[in-house]
Amino acid sequence: MNAVDVALRSGAARLLSGRRFPRRLGLDFAGEIDAVGPGVTGWRQGDRVWGGVRGFTRGQNGAAADYVLVPRTQLSLAPAGIDLVTAAALPGVGVTALIALQRHARLREGQRMLLRGAAGGFGSAALQLAASLGVHVTAVAGARHLDALRELGAKEVLDRRLIHPGDLPGYDVVVDGVGTDLAAYRRLAPRTVTIAFAQPGALATVAASTVFGSRRIRSFSGRLRAADLATLTQRVNDGHLQPVVAGVYPLEEAAEAHRRQEAGGNLGKLVISSL
Ligand SMILES: NC(=O)c1ccc[n+]([C@@H]2O[C@H](COP(=O)([O-])OP(=O)(O)OC[C@H]3O[C@@H](n4cnc5c(N)ncnc54)[C@H](OP(=O)(O)O)[C@@H]3O)[C@@H](O)[C@H]2O)c1
């Protein structure tokens, strides 16, 4: 389950999904290979994999299912030692976190990073990856999750309701998974990255920030490519990262998972299981 599933299902993202409903939902998955297409080498029935379906435009998604058809360019072996339902919480947000931290934030050991939305799917992955690099992470989230975020590696935690960006000190990097107040948060660091450009107003703020040159707000749309998925698997296998699961719903109860995603307040990810 991803935040965007709610927008696709509700019709709020018709520019992406197209106007014809119903639509299939779900972007990323973990599972076992059931069959391999003609000419595909390197994979066989029973391999434990994770990855992404083709994207959420024009009805090509649909990872919330018993079976998915996946191009080999969008999967890798799943990590060893965690069950597939738990693993399913990580590919989408994990790869997005890798790309945000490595390619856009260019994070290095010893830097100070402010992370907004730290309790979310993206944030809980980005926090662990940054902490494993030796980055000093200040995590911003709802009060009830602050202790858990320390356990995931945050050096400082801030209650989102008690802070104002103008009162915060400077950082080397701001990484944002929220999409609001971006102009104010951009001032806190020479590098700012948001993944939440689809939030109302965010895209305009990102576009307007190009006047600040290297201090502009950076953003991107994550793709689940095989090489990045394999890197993510390695990070989990090396003990740098664990999926954070807020709840698991059987496929027949996917509607309840949507309601809970909409309500918010979760730590980590909701998973829809067909096992
Ligand atoms: N660009 C990409 O490729 C990409 C990839 C993945 C996700 N996204 C987008 O990025 C956003 C985050 O994704 P996600 O998977 O992490 O979603 P998520 O699991 O819903 O997490 C969002 C988190 O932000 C928190 N939050 C809301 N307002 C906040 C504030 N003012 N300060 C601090 N935290 C706040 C939420 O808390 P509450 O639940 O308590 O409100 C929640 O914990 C979504 O808009 C999603 O669509 C983009």
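The values are calculated or read from the model by the stated rules, or taken from the named source; none is laboratory data. Predicted model only: the values in this text are computed from it and were never measured. Positions of Cβ are generated from backbone atoms using ideal geometry, with glycine treated the same way; all protein chains shown enter the neighbour counts. Ligands, DNA and RNA are excluded from the accessible area calculation, which covers all protein heavy atoms including side chains. Shrake-Rupley method; radii C 1.70, N 1.55, O 1.52, S 1.80 Å.
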* Residue tally, condition away from the ligand (no atom under 11 Å from the Cβ) and either under 16 Å from Leu101 (Cβ atoms) or under 23 Å from the mean Cα position of the chain (by Cα) (or both), over segment 158-174 -> 4
* Just checking, which of Gly179, Gly222, Gly123 is within 11 Å of the ligand (Cβ to nearest atom), over 16 Å from Gln102 (Cβ atoms) and in contact (Cβ under 8 Å) with a residue 24 or more places away in the chain? -> Gly123
* Can you tell me which residue in segment 250-275 is farthest from the ligand (Cβ to nearest atom), limited to those that are crowded, with 20+ Cβ neighbours inside 10 Å and in a strand (DSSP E or B)? -> Ile272
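Does segment 126-157 hold any residues that are under 24 Å from Pro200 (Cα atoms) and either away from the ligand (no atom under 14 Å from the Cβ) or outside any helix (DSSP H, G or I) (or both), and which are they?
Listed by number, the residues that qualify are Ala139, Val140, Ala141, Gly142.
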* To do: Would you be able to tell me the number of residues in segment 158-207 that are in contact with a strand residue (DSSP E or B) (Cβ under 6 Å, 6 or more places away or on another chain) and in a helix (DSSP H, G or I)?
  => 5
* Asked: Of all residues in segment 62-106 being under 17 Å from the mean Cα position of the chain (by Cα), within 23 Å of Thr41 (Cα to Cα) and in a helix (DSSP H, G or I), which is modelled with the lowest pLDDT?
  -> Gln74
* To do: Please enumerate the residues belonging to segment 32-45 that are under 28 Å from the mean Cα position of the chain (by Cα) and on the phi > 0 side of the Ramachandran plot.
  => Gly42
* To do: Name every residue in segment 187-201 that is buried (at least 21 other Cβ atoms within 10 Å of the Cβ) and either over 18 Å from Thr138 (Cβ atoms) or within 15 Å of the ligand (Cβ to nearest atom) (or both), in order of residue number.
  => Thr192, Val193, Thr194, Ile195
* Structure fact -> Filtering segment 185-201 down to residues that are under 22 Å from Gln102 (Cβ atoms) and at pLDDT 95 or above yields Tyr185, Arg186, Leu188, Ala189, Pro190, Arg191, Thr192, Val193, Thr194, Ile195, Ala196
* Can you name the number of the only condition in (1) assigned to a helix (DSSP H, G or I); (2) within 16 Å of the ligand (Cβ to nearest atom) that Ala230 fails? -> (2)
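Residues checked against (1) open to solvent by 60 Å² or more (accessible area, probe 1.4 Å); (2) touching a residue at least 40 places away in the same chain (Cβ under 8 Å); (3) over 20 Å from Arg225 (Cα atoms):
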position: Ala7; (1), (2), (3): no, yes, yes
position: Ser10; (1), (2), (3): yes, no, yes
position: Gly31; (1), (2), (3): no, yes, no
position: Gly62; (1), (2), (3): no, no, no
position: Pro79; (1), (2), (3): no, yes, no
